[in-house]
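Below you'll find the structure, written out as structure tokens, and then a few comments.
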Amino acid sequence: MLQQVTFGDGGPKVNSGGHRGDGGSDKRIESRDHQIKARQQTTTTNNTQVIKNLSTSTSNQSKFTIAPLILECVRLNKLELNDMIKQHLTDVRVLDIQRSRSGIFTLYATYVNSFNRLLNDFTQILAANGQTTIKIFVPRSIQRIKDTEKVAFVKRVDLEVPESRIIDALMETGFNVESVVRLTNKERNTPTLTIKIIFNDSQNRNTFVQTGLQIDSRHFSAESRIHSIPRC
């Protein structure tokens, strides 16, 4: 509050004035409000951007749902490999092709059918086009799972029944089999009544588990794995 003193005939007079600088104070308050709002908007924008980036990162991490394939000893670049797949495997869909510094490729198939086509047919195609030293395979940890899915067990098969007769019975029924082995007792090193059968693929194994083993007039149930008996 400013006061003005004047001297006249009646003595000094005090005149009360207005608030000097009220206009400047209002402007400072208004400017401060604008700054606060601007900071709030910037913070909101940054938070939105962070959420968007996290969402994008999560999406990128979850897009690979099928096991990768490793391709070694290929004297091609990524574009040449991509064009060869497009030319010779027109029905195959690949989500991504990655190449390490050592020249090893990792292929990510979009669908299971594409994965199987690459695994089973791509080696011959590359070999026919001058890439005779290539190797294509599934990483070991995944390969163990795939191998387990092709195995079945048959219990209580008499010792008199040879493995060759079991193979003949399976082939006559239309199954594709890789091997038939009678398990042995590790402690006594003697044959047991359990037969381990490895099929060419999981589809053959799954069908066999449902139908079982038929040898002439005898039928044996099959299992996908051996259930261990807990020790008490």
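The figures follow:
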item: Separation in nanometres of the label points that stand 7 Å from Cα toward Cβ, at Val209 and Lys186; result: 2.3 nm
item: Trypsin sites (Lys or Arg not before Pro) restricted to DSSP loop in the stretch 169-218 with at most 13 other C-beta within 10 Å; result: Lys186, Arg188
item: Per-residue HN-Hα couplings for the stretch 168-180 [Karplus 6.51, -1.76, 1.60; θ = phi - 60°; Hz; x = Gly/Pro]; result: 4, 5, 5, 5, 5, 7, x, 7, 9, 10, 8, 7, 10
item: Cut-off 16 Å, label 7 Å out along Cα→Cβ of Ile70, residues of the stretch 89-104 by amide N; result: 98-104
item: Contour minus Cα-Cα distance for His219 and Ser164 (0.36 nm per residue); result: 18.1 nm
item: Mean Cα-pair separation over length for the stretch 69-139, i.e. relative contact order, pairs under 8 Å, 6 or more apart, %; result: 44 percent
item: FRET efficiency, 1/(1 + (r/R0)^6) with R0 35 Å, evaluated for Thr173 and Asn116 via beta carbons; result: 0.90
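Read the figures in this text as sums done on the coordinates, not as results from a lab. Since the structure is predicted, the reported quantities are computational estimates derived from the model, not experimental observations. Here Cβ is always computed from backbone atoms with ideal geometry, including for glycine, and neighbour counts include all displayed protein chains.
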